[in-house]
Every structure is written in structure tokens, then in C-alpha cells.
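Contents: one structure, followed by commentary.
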Amino acid sequence: MTSSYAELLDSLYANLPDKVKSSERFEPPEFESFIQGNQTMIRNFEDVALKLRRDPLHLMKYLSKEFATSGDLDQKRGLLKGKHRPDALNSRLKRYIDEYVICAECKKPDTDLVAFGGVKHKRCEVCGARAPVKAI
């Protein structure tokens with residue numbers, strides 16, 4: 001009972017999880033920010049972190065290091081000390097997404113951060129790949 005190559009491929013494709021089959025593109029979120037006094041407020045900070053499936057504190061810690069300033073969370077908003085342009089904020093967010101969210105193998109955003117042997121790794125839920133990430 002031998003199957004043709006095409007039949008085997010059809011069988012495998014039918015058993016793939018829906019996340020792998022979907023062709024929808026990941027739309028990276030952008031910060032909505034404004035400057036108030038000597039602080040930059042990001043009004044949709046928590047929404048962005050939830051869309052990326054990351055802890056808002058982790059994202060804030062990353063931004064604080066990138067801008068070499070202090071940052072804080074205020075309800076659903078993020079506060080960064082200093083005046084930061086929206087394009088600078090969004091370019092840092094894109095770097096964060098590339099480094100801590102998108103899978104290096106399959107380029108899907110379905111990852112989570114887990115610790116293996118005391119080192120944080122980005123683990124992909126789609127292809128199973130895992131890669132170490134820099135500690136913040």
C-alpha cells in the first residue's frame with residue numbers, strides 16, 4: 001500500500017495546525033504618544049504589549065534601557081522621562097518585535113519567552129524553534 005508523494009503532502013497539509021495554514025500577515029502595532037511637560041506618554045502602551053503577548057513591564061524595561069531614561073506604567077499608559085519623538089519610539093518598538101517577538105526561523109509572531117537553564121529563550125509555538133534572547 002504505497003501512497004503517491006502528492007497524496008502524502010495532502011495528508012500532511014490537512015493535519016497542520018490552523019496557525020501554520022493561515023496566510024494572514026502580522027500587522028505590527030505602533031505607539032500613540034504625546035509629550036506632556038518633560039515626559040513622553042504612550043497612551044496605548046498596554047494594548048501594544050498585549051497584542052505582542054509580552055509583559056508590559058518587560059517592554060517598558062527595554063524602552064527605558066534603549067532611551068537611557070526612567071520609565072513607568074500608569075494604568076494603561078507608559079511614561080518615559082524626556083521628550084521622545086514618535087518615530088524614535090516606533091523604531092525601538094520594531095527592534096523589540098524583531099528581537100523578542102518574531103521567530104527567527106518561520107518569521108511568525110506566535111512566540112513566548114521561557115527560561116531554559118536560567119537563560120531566557122524565545123520559543124515559537126508554530127515551528128517549535130527556540131533561540132536565546134538578550135537579558136534586559
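For the reader, a short list of remarks on this structure follows.
- For the pair region 46-76 / region 82-136, the C-alpha centres are spaced 13 Å from each other.
- Lysines with Cα under 24 Å of Lys76, excluding same-chain neighbours fewer than 8 positions away: Lys51, Lys61, Lys65, Lys94
- For region 1-130, averaging the sequence separation of C-alpha pairs within contact (under 8 Å, six or more residues apart) and dividing by the residue count gives a relative contact order of 19 percent.
- Note on Ser91/Leu16: beta-carbon distance plugged into 1/(1 + (r/R0)^6) with R0 of 30 Å gives a FRET efficiency of 0.30.
- A value for Kirkwood radius over Cα pairs in Å was derived from the coordinates, and within the list [x] 16.9; [y] 15.6; [z] 14.9 it appears as [x].
- Neighbour count of at most 15 Cβ within 10 Å plus DSSP loop: longest trypsin sites (Lys or Arg not before Pro)-free window in the chain: 108-133
- Estimated [θ] at 222 nm from DSSP helical runs (n ≥ 4, -39500 (n - 2.57)) normalised by residues in the chain, nearest 500: -10500 deg cm²/dmol
- Using a Förster distance of 22 Å, the FRET efficiency for Glu32-Leu113 (Cβ separation, nearest 0.05): 0.35
Read the figures in this text as sums done on the coordinates, not as results from a lab. Since the structure is predicted, the reported quantities are computational estimates derived from the model, not experimental observations. In this analysis, Cβ positions are derived from the backbone assuming ideal geometry, glycine residues included, and neighbour counts consider all displayed protein chains.
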